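First up is the structure itself, then whatever we jot down about it.
Rule-based calculations on the coordinates, nothing more; no lab input. The structure displayed is predicted, hence computed values, not measured ones. We place every Cβ from the backbone using ideal geometry, glycine too, and count neighbours over all the protein chains shown.
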Amino acid sequence: MPSLVKKYNEALDIMLFILKDFSSESILTMKNSIKVIEEFHDIFDTDASKISTLYYDFCRLDELYEIEEAVEIGFKKFLIKNIKETKSMLDYHNHNCKTSCIICKTRKKMEGELFERKRPEIPKKHKK
Ligand SMILES: [Zn+2]
């Protein structure tokens, strides 16, 4: 399967939006996952290894058992579907957002919940 996302920062940005409807317990689990990935950057030394750890930890969230669709299609497929949808939403947003909107606000809120220190910068796409 070709990977949908190649950069860890982009995967992280997408994960912020996927997690916005999850419980604070799940968000805390993923916060710890992100912390481990970033603290052990000599072990997780490629974007691919960071991204797969992030996805792996997401697929182990207990809360997924409570989501009918996730149980039905499988956690991995559920994640991939959400990544695809969020990625197209964000690609559109990054090209079109002029000032600040609900997506910018959600991103800021989720960053506050998921990162302890300042996070790495999100690559900004240039406007045409
Ligand atoms: Zn915006």
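The residues of segment 1-48 that are closer than 17 Å to Ile83 by Cα, of a type in the set (D, E, K, R) and assigned to a loop (DSSP other than H, G, I, E, B), listed by number, are Lys6, Lys7. Among the residues making up segment 39-74, those that are in contact (Cβ under 8 Å) with a residue 40 or more places away in the chain, crowded, with 17+ Cβ neighbours inside 10 Å and of a type outside the set (Phe, Trp, Tyr) are Lys50, Ile51, Leu54. Only one of the numbered conditions (1) within 16 Å of the ligand (Cβ to nearest atom); (2) surrounded by 12 or more Cβ atoms within 10 Å (Cβ to Cβ); (3) among the charged types (D, E, K, R) is not met by Lys77, and that is (1).
Across segment 1-53, the qualifying residues are those that are within 11 Å of the chain's Cα centre (by Cα) and acidic (Asp, Glu), and the one among them that is nearest to Lys109 (Cα to Cα) is Asp13. Inspect segment 68-79 for any residue being within 13 Å of the chain's Cα centre (by Cα) and in a helix (DSSP H, G or I) and give the result as yes or no. Yes - at least one qualifying residue is present in segment 68-79.
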